[in-house]
Structures are given as structure tokens and as C-alpha cells.
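None of the figures in this text is laboratory data; all of them are computed from the coordinates on show. Bear in mind that the values here come from a model prediction, so they are computed numbers and not experimental data. Positions of Cβ are generated from backbone atoms using ideal geometry, with glycine treated the same way; all protein chains shown enter the neighbour counts.
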Amino acid sequence: MEEILHMSALELGKSIREGKISVSEAAESCLEQIRRKEPDISAFLFVDEDGLKQRVKEVEEGIRQGRYTSPLAGVPVAVKDNICTRGMKTTCASRMLENFVPQYDAEAVKRLEEAGMIIVGKTNMDEFAMGSTSETSYFQTTKNPWNTKHVPGGSSGGSCAAVSAGEVWMALGSDTGGSIRQPASYCGVTGLKPTYGRVSRYGLIAYASSLDQIGPIGGNVKDCAAFYDVIAGKDEKDASSSPVPVETAVWKEKEDLTGVRIGIPREYLGEGTDPQVKQAIEKAAALMEEHGAFVEWFSLKMTEYVIPAYYIIACAEASSNLERFDGVKYGYRSADVQELHEMYKKSRQEGFGEEVKRRILLGSFVLSSGYYDAYYLKALKTKALIKHELDMAFQKYDCILAPASPSAAPELGTSLKDPLKMYLSDIDTVAVNLAGLPAICLPCGMDSQGLPIGMQLIGDCFQEKKILETAAVYEKLRGSFPVSWKEEM
Amino acid sequence: MAKQYETVIGLEVHVELSTKTKIFCGCAATFGEEPNTHTCPVCTGMPGALPVLNKKVVEYAMKLGIAANCQINRYSRFDRKNYFYPDNPQNYQISQLYLPICHDGWLDIETASGNKKIRIHEMHMEEDAGKLIHDEWEDCSLVDYNRSGVPLIEIVSEPDMRTAEEVIAYLEKLKMICQYLGVSDCKLQEGSMRADVNLSVREVGSETMGTRTEMKNLNSFKAITHAIEGERARQIELLEEGRQVIQETRRWDDNKESSYSMRSKEDAKDYRYFPDPDLMPVVISEGWIEDIKKQQPEFAPEKAKRFQQEYGLPQYDASILTQSRRMADIFEETAGLCGQPKKVSNWMMGETMRILKEKGMDPEELSFTPSHLADLILALERKEINQQGAKQVFEQIMENDVEPISYMKEKGLMMVSDDGAISRAVEEVMAENPETVEDYRGGKEKVLGFLVGQVMKKMKGKADPGKVNALLREKL
């Protein structure tokens, strides 16, 4: 069993196709690890043990009949709990949706099921994806598998922790301002935030529609690439979905980085960045330079505006997106209310957590008449300038190298005390969302406490292939990265 | 001398489009079905559902915009209008505020006092809300989302109207255009056309606008007329008493024939409009506009002119027939089939209109097959049926779209064209009335009428009186 857990998702898929490992063996070893690790980690909100048996049979049958030909057919995955799964509770880690069971599958879920992948369960997150630690979840606190006194990051903390703890090979996350990359960095796993419009948002419960993007989380670059292949592509049900053809992420392996131009933005490694993080990034840069890459430092002057622009736009959209949770149609309804407005007020007051309410208030304020131009419109203009500056950078560089967070995972219970400080820690990730760019985060070092440090490779729009290729070469040069749970076995 | 007041009126008209599907999802946009049977995650505001724009809605909006002489925005956008109400599942309505699809147009209207141009400020696309049903028996409210997401176009006029008559003429014109374009059936009673009246009064000669009110819930032309008269009187009374008109939204109560205040400007909501991030901007190419222009139908005025020239119809006929596109189309097809345009016109303007009025139907609801009326007119021409019988048959055509010839045969309404049968009847009548025959032969030609009547009676009216007349003369 342990041997199975140490395989990559692609190796597991291959063994399943070759009949060396059965789908039920894969699912069973996954459940066993969940039973072993969950008491410490609490990555899952729901594990679908009963549904899993049925699904395993179905997939085994499908693989035998040749219906499932994906290299990931038979591989168990976890799904972040803001992505709709038909017939399976989808809560957004909120009391508001505690008992919400969607009538339909998100497009990404539909696609992974059509590829024969198996959903094990739903993972914890920050409530409605608002937070950087997964601590705003109404239900539970997920711990970092490397050190359970620390946060896993957020908002896709459950998905990243589950992969990190070996509970599952791959997971779906969503990234609005770094929610895949930052927890991937904290948990020492690999996560890809695709170009905006690359993966359908249909069935992703919206936080900020113009920034949200679903992406894969896995143990290595190639697994993420294969998973990305499964879920990416035009979807008629999402108007923001792009018709640009998906360049397959299955590539010819490169030995070195000759001809690859990499830029490092000074502002991302300035004051406020943990020196250990800076060191790890510089070390990665040196390694890539050594193997043929052209590496150069440059400046992104708009960096100081990314946090305000991001929080204004994200909260504005969130304030409108979350209006539908009113106690009328589904979700939490306060008991003992006499009339409509009281029902609205009490249901939302009791159903939403502090951080969600804070962002709804912030968003409502910046959209209100008299403030719209000063805040929202100005933020949109700033967003355009940020995008322009990054567009210019990609005329010079193939990839931008940057950290995914100014530090490694903070301790539990420290971040929410000072929300503003928590917002500011998103500095390394939000520009990517504002500009709609693809970015991958993979581990590049450890800090003195033994917590992983991640690096981002950011590409131009629709250049997933380029950043995945580069990341894969780096990964090979770096050598295997430790696994959080290996020592205990 | 008492002050003279002028009424200033602008309209916001909502027209429900007759597209097959809703504006942002694939659900049918039909009217009057079982509650919540035409719904999906999108139009019930399920978490994670996303809107996708129905291209037909853009096309319809362009058609209407072009017909109303509007400028078409090559780049327009959808915005969210945020407000909490249970008929609105997302608690925001997707509409267009900042960049509507059409702007700056006009419609020409005709009233007893002459022609007038009513300017159109803008037209925009938006989604309709669901319907709330308050069940007092169960003490609860229910929501039907069938109408949620049905496409609407809102047409905002400039405050160019001065009388109820002008308002009605403007609405009639808009309705006619929509029906000719086939973009909406515009039924006020069913809510597929809704008009909100913005009204203010000012002293005649004044250049400044008075404070206006907005009147909602007007479901008929009658209600609109009464509401305008009532609101004008109410505002004048306030001013005469030295009080002020408050800017507010009022609701018309048709039963009480009066209005009451819904909300004043002070508690007007802040809708927090912003561009909907789920929808892409609507980009319209020159080519698309050209295509739509080419497809624009011939509207009533041109059609009426052509009917006069092509079919030799009097102006009166032509203008009545072209008030409804359906009626004009039926006229044209029927006239083409039987070659007797004036007779077709007489049937349309006479019997057809009479029956429509009797049943309270709209000419757009006419559904009979043109060849059926053509066949009836030809049968009349061939004297296979008399005028009385034809009217009877036509009622059946209107009612059940019956095929006239077989219906005439089935019901025994065919005229007897068999000379032998008429001859026999003539002989019988002559034998039964020898004295009258003698009178005639003696020079009393007046009695011929009586004899013809007797023969017709024997034939149960199914003989051509001319033929009976001729045969009688012959035998006498």
C-alpha cells in the first residue's frame, strides 16, 4: 500500500491501465491514509466512502471497456468545497451552505469524471475562499502537514494539505488572489493557476468572477500538467471561457533551459520578504542560470498598487456574488423570523462568518453611489495598468520568477488577528489574477523551521505549456523534494 | 385668471421578447406554464451557475433600435443592478446602465392634432424577474421562476409627450413596430408590454421641468389614460394649494382608479450598479448591422402605400389592414390566391374585425389559413353559396379554420346549380299558384317577385335568385 502512495499520479494511472494495480486498491490505500492522517490534518470536510465503492466499480468497468483512456483514469482526487458536485454537499466551508447539495456538476468536475478520475471527497477552505490560512472555515481548522502548529495556507488549504499529507494524489483548487499557489507553497506541493478563461468556472461558487480560476494541485509538475489537460478548454456554459485551443501540456522533455529568459521582479523580494525566502528564490534562479537560462532582475513599479486594486475589485464582485445567499431558495435560513427583511438580515448575519461579512461590507461600500468612481473605477484602471506592465515584461521574458508568499506558513491563530497584515501577505500572488496570467507554484526550499518555501513561475496569457516545461526542468534539476509524511511510515 | 398647466410625460416601456429561450440560459421563455417548470440552475440563481447571452436578444434589440431610428452602440455591456427581493433569485438583475445597446432615436406619432416626433433616449436589454404569488390561505409567499430570465428590452423616451392621446399613439406605434418585427406580441394585459409613466406639470410657457413622479402597474391603455389624467389633476391641485410635488414612485390601483405612493426619492435604493464580470462586452460589427438592416420588414406606412398602388385599395382600407402585420399578411396571401383584393379587404374589414371585436381578440391572433378565405370568396363568385351562407361559413373559418367547400357540402349550404331541380320547383310553384300565373300573364308583372320567393322557399334558399327569375320568365 505504501508503495502506491509514493507513486506519482501519472505512475499510478499507468499501473492501473497496465492492470498492475486495481482502481479499488488505489482507492483503498487513499482511504487508509485519510484515516491515518485526518485526525491531525483535517483537510477534508467530507469523504465519500459509500459513493466511492460504486464509482470504483464503474471506473474499473469503464477502463476495461476502453471508455476511459486518460492517463489519469482511475486516480483518486479531492475537490475543493466551492466546486459543485452533483448530489454531494458543497458548502464553501460556510454555515450558509452547510446542507447545500448541488443539482449539477461543475464543468471541471464533469470533465475529470469523464476522464475516469475518482472523487474521494471535498476539502476544507477559507469560507467562500476568503482568507489566506483556511482558518475562516466555519467547520474546522486544517493544519499544515509539515507542522501541525502551522496553517496550510488558503484558501485552497484543504486541497493542498490533502496532497501534501499523501491522502490523495491530486486535488482541484481555485485561485482568486493566490488561493492555489500560496497554500501549495506552504504545503510543499505543486499547484497551477491557469490563464483566466482557460478552465470553465461553471459550477465554481463565485468569489470574484473576473479573477476566479480553477486549477490542479499535485505532487509534481507533470501530474499537474496532465490534470490541467483534463479540465482545460472552451465551455459554452461560461461566457468568459476562452476559445483559444489548449496546447497540450504533454511535452518533449528538455534537459536544460537554454534559450529560456527569466525575469525576477525586485519588488517581490524587497523589504518584508523573509530573507530565507529570498535566498531560496535566488538559489533556484542560480540553478536555472547554471543550466542555460538567461536570468535578469527587473522592476514592476505597479507592485505597490496590486493589493488595494485587488481587494477593491474582489470585494466589489463578492458583495454582489454573495447576494444570492438570502435564505429564500437554499442554504441557511434563520429560524423564528417574522418578515422578509428580518429573514434576509438574520440569515446573512448568522450564516456568514466575520471575514466574509467584512469583504461584503467593503465591496458594498466601494460600489455605492458617490464612491464608485473613486474606488471601483480607479481600481479597474489600476488593474489595466498592472496588466500593461506585465505585458511589457513578457516581451522580454518567457517567465517571471517570484516567491508565492513573503514567508513560509505562519502559526495557527496568528493571521486573523490582523486582517490588514493578512491582506498584505497576498502581495506576491494577486497581480497574476488581476492580469489573468497563468502561474505555477512548486517547492524550492525549506526554512529553518523545516517548512517548505515555494516559487512561482508566471507566464504570459495561454503560455501554460511554457511555464510547465520550465518548471519541469527546474524540478528535475532540483531533485526530489521531501514528502511531509514519509518519515512516519 | 386661473393658471394654465402643461403635462410633460416620458415613458419607460418594457417589452418582453418572444425569443424561444431566455436571455441567459436555454430554458423556454413561454408564458403560462406550470410554475417552475422552465427553470435551471442559471435562472434560479443556483450557486456556481453562470449566464451566457442569447444572441437572438441582441439581434431583436438591434432590429427594434434600427426601426426606432436609434444609434447602435458597437460596444455595449451588461451591468448588475443589486437589490434584494425574492422574485430575483440572484438578488441582482442583469441590465445595461453604463453602455446600453441603442441610444438617441425617435418615433413619429400621429394624433388628431397632427404628426409629432417622440425622441427615444435609449434602449437596453435586461432580464425579467420571477413572479411572487402570495397565498393568504396558507399565509406564505411562493415564487415562480418561469419568468425569471425572460428577455426584456426597456425603451426610455425623452419627456416629449404632452397628452394621454400622444402616449397611447406612441405605445401603439411601438407595439406595431414590435409586432411587424416579430420581436414581441406586446400585450399589456399579459404583461408582455409594460409602461411606466413619468409625469410632471408646469405652467404653460415655462421652460423648466416640474418635479416628476413615476407611475407603475398600468395594465391597459384605459388605465394609462386614467392614470395620466388623475396624476395631472393631483399634481395641479398640490401646486394650487401652494404645496410641492414630491419625487416618488406611485402605484396605480385599477380598481380604485387612483394611485398611492410606493417610495419617495429619499428612500430610493442604491443599486450599486457595476459591470457584470460574468458576461463579455457585446461587440457589434458593421456587417451585422448591415445584415439586420437588410432583413428589416416593410412597416405599416410603406405597406399601406403599396396596398393602394398594387391592389387598388382605398386609402382607408389600406391603413386599417396594415395596422397589424398578421392581418396585412393574411390579406396579401388571400388576395394573391383569389385575385379579388377588394373583396378580401371587405371580408377582413367587415366580418373579421366584427368577430375579433366580439371576442376581444387582437388581429395578431388571427390564425386561419388564407386559402380558406380565398376559396370562400371564389365559391361566392361562382354563386355556389349566397352571402348569408358565406358569413356562416366564415365564422367557422375564424373559429376552427374549416376548409370551406367541404364544410358547405357537409352542412348543405351549397347552392343548387342543377337547372333541372330549379325547373321542377318552378313548375311546381306555377302549378300551385295558377291564379298568380294568370295575373302575370295578364300583365301584372309585379307578381313575379312573389313567384321567385316561392321558388326560393322551395329550394330552401339554395338557388341563385337570378337563375330562378330567368327560368320563371321563360316558363311563363
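With both partners inside the protein assembly as shown, how many of the DSSP beta bridges are antiparallel, as a percent to the nearest 5?
80 percent
Whole-Hz Karplus ³J(HN,Hα) for region A:391-396, in order, using 6.51 cos²θ - 1.76 cosθ + 1.60 and θ = phi - 60°, x for Gly and Pro?
Result, ordered by residue: 4, 4, 4, 6, 6, 9 Hz.
Mind giving me the FRET efficiency for B:ARG354 and A:ASP391? R0 is 51 Å, r the Cβ-Cβ distance, nearest 0.05 is fine.
Efficiency at R0 = 51 Å is approximately 0.10.
By average Cβ neighbour count within 10 Å, what is the ranking of A:177-184, B:103-110, A:43-50 from highest down?
A:177-184, A:43-50, B:103-110
How far apart, in nm, are the 7 Å Cα→Cβ label points at B:GLU257 and A:SER368?
The modelled label-to-label distance comes out at 4.5 nm.
Using a simple spin-label model with points 7 Å from Cα along the Cα→Cβ vector, what separation in nm is obtained for A:TRP297 and A:GLU58?
About 5.5 nm, to one decimal.
5 Å is the cut-off here: which amide hydrogens, built 1.01 Å from N in the peptide plane, fall below it relative to B:CYS27, excluding neighbours closer than 5 in sequence?
B:LYS22
To the nearest 20 debye, what charge dipole does chain B have about its Cα centre, counting +1 at the Cβ of each Lys and Arg and -1 at the Cβ of each Asp and Glu?
Using only the charged Cβ atoms, the result is roughly 1000 debye.
For A:PHE100, list long-range residues whose amide hydrogen, built 1.01 Å from N in the peptide plane, is under 5 Å from its own amide hydrogen.
Amide H to amide H, under 5 Å and 5 or more residues apart or across chains, A:PHE100 pairs with A:THR90.
Using Stokes-Einstein with the Kirkwood hydrodynamic radius over Cα pairs, what translational diffusion coefficient do you get for region B:5-289 at 20 °C and a viscosity of 1.002 mPa s, in µm²/s rounded to a whole number?
For the chosen part, D equals 107 µm²/s.
Just to be sure I follow the rule: in region B:271-386, considering lysines 8 or more places apart or on different chains, how many pairs have Cα atoms under 25 Å apart?
Step by step, the pairs that qualify in region B:271-386 add up to 15.
Straight-line reach from A:LYS110: which lysines have Cα under 17 Å away, leaving out those fewer than 8 places along the same chain?
A:LYS80, A:LYS89, A:LYS122, A:LYS234, A:LYS237
Using a 10 Å cut-off around each Cβ, can you sort A:LYS193, B:LYS81 from fewest to most neighbouring Cβ atoms?
B:LYS81, A:LYS193
Work out the FRET efficiency for B:GLN308 and B:ASN469 from their Cβ-Cβ distance, taking R0 = 51 Å, and round it to the nearest 0.05.
0.85
Can you list the residues of region B:122-166 with backbone N under 14 Å from a point 7 Å past the Cα of B:PHE31, pointing along Cα to Cβ?
Answer for this model: B:147, B:150-153.
Note down the net charge around A:PRO216, summing +1 for each Lys or Arg and -1 for each Asp or Glu among other residues with Cβ under 10 Å from its Cβ.
-1
Just checking the output field for A:370-378: average partner chain Cβ neighbours within 10 Å of each residue's Cβ?
Mean number of neighbouring Cβ atoms from other chains: 1.
Could you work out the mean count of beta carbons from other protein chains within 10 Å of each residue's beta carbon in B:271-284?
What the average comes to for B:271-284 is 5.
Order B:356-363, A:393-400, A:305-312 from most to least packed using the mean count of other Cβ atoms within 10 Å.
A:305-312, A:393-400, B:356-363
Give me the inter-chain shielding for A:316-329: mean count of other chain Cβ atoms within 10 Å, whole number please.
6
Taking the dipole about the Cα centre of chain A, with the C-beta of Lys and Arg at +1 and of Asp and Glu at -1, give me whichever of A:ILE180, A:GLN349, A:GLY450 is farthest to the positive side.
A:GLN349
As an exercise, take the mean of 1/r over every pair of distinct alpha carbons in the protein assembly as shown, invert it, and state the Kirkwood radius in angstroms.
It is 33.1 Å.
For region A:260-326, what are the per-bin percents of Cα-Cα distances with bins 10 Å wide, up to the bin holding the maximum?
Bins of 10 Å from zero give 17, 32, 24, 17, 10, 1 percent of pairs.
Choose one of A:TYR196, B:VAL167, B:GLN309: the residue whose Cα lies farthest towards the positive end of the charge dipole of the protein assembly as shown (beta-carbon charges +1 Lys, Arg; -1 Asp, Glu; about the Cα centre).
Farthest towards the positive end: B:GLN309.
Give me the Å³ per residue figure for the convex hull around the C-alpha atoms of region A:115-246.
Convex hull of Cα atoms, per residue: 98 Å³.
Could you tell me which chymotrypsin sites (Phe, Trp or Tyr not before Pro) in region B:370-476 are loop residues by DSSP with no more than 12 other beta carbons within 10 angstrom of their beta carbon?
Loop-located and lightly packed - none at all.
For chain B, max minus min Cα coordinate along each principal axis, in Å, sorted largest first?
Result, largest extent first: 97, 64, 56 Å.
Stokes-Einstein D for chain A at 25 °C, 0.890 mPa s, Kirkwood Rh over Cα pairs, in µm²/s?
In µm²/s, the coefficient is 110.
About the Cα centre, and with charges only on the beta carbon of Lys, Arg (+1) and Asp, Glu (-1), how big is the dipole of the protein assembly as shown? Nearest 20 debye, please.
1020 debye
Students often check this: by mean Cβ neighbours within 10 Å, which of B:248-257, A:230-239 ranks highest, and how do the rest follow?
Going by the mean number of other Cβ atoms within 10 Å, highest first, we get A:230-239, B:248-257.
In whole angstrom, note down how far apart the Cα centers of region A:348-372 and region A:259-299 are.
Each part reduced to its Cα centre gives a spacing of 38 Å.
For a label point 7 Å from the Cα of B:SER206 along Cα→C-beta, name the residues of region B:146-165 whose backbone N is under 14 Å from it.
The answer is none, because no backbone nitrogen lies closer than 14 Å to the label point.
Under a Cβ-only charge scheme (Lys and Arg +1, Asp and Glu -1), can you give me the dipole magnitude of region B:5-289 about the Cα centre, in debye to the nearest 20?
740 debye
Under a no-solvent Debye model with one identical scatterer per Cα of region A:299-430, what's log10 I(q)/I(0) at q = 0.11, 0.16, 0.21 Å⁻¹?
-0.55, -0.96, -1.22
With both bridge residues required to lie in chain A, what share of the DSSP beta bridges run antiparallel, to the nearest 5%?
Beta bridges within chain A, antiparallel portion: roughly 65 percent.
At 222 nm, what helix-only mean residue ellipticity would the protein assembly as shown give, in deg cm²/dmol to the nearest 500, using -39500 (n - 2.57) for each DSSP H run of four or more?
-12000 deg cm²/dmol
Once the other residues with Cβ under 14 Å from the Cβ of B:VAL150 are scored (Lys, Arg +1; Asp, Glu -1), what is the net sum?
Neighbourhood net charge equals -3.
When the convex hull of the Cα atoms of region B:298-410 is projected onto a plane and the area is averaged over all directions, what value comes out in nm²?
Its Cα hull, projected and averaged over all orientations, spans 6.5 nm².
Could you tell me which of rounded, prolate or oblate describes region A:370-466, using a ≥ b ≥ c as the square roots of the eigenvalues of the alpha-carbon gyration tensor, with rounded for a/c under 1.5 and, failing that, prolate when a/b is larger than b/c and oblate otherwise?
Oblate.
Taking R0 as 41 Å, what FRET efficiency do you get between A:LYS357 and B:LYS55 from their Cβ-Cβ distance, rounded to the nearest 0.05?
So the FRET efficiency works out to roughly 0.60.
Let me know the Kirkwood hydrodynamic radius for region B:419-475, please, with Cα pairs as the basis and the value in Å to one decimal.
This gives a value of 11.0 Å.
Give me the distance in nm between label points sitting 7 Å out from Cα along the Cα-to-Cβ direction at B:SER367 and A:ASP40, one decimal.
Distance between the two pseudo-spin positions: 7.3 nm.
For a quick check: with amide H placed at 1.01 Å from N, whose amide H comes under 5 Å from B:MET262's, ignoring anything fewer than 5 positions away on the same chain?
When sequence neighbours closer than 5 places are left aside, the close amide H contacts are B:THR249, B:ARG250, B:ARG251.
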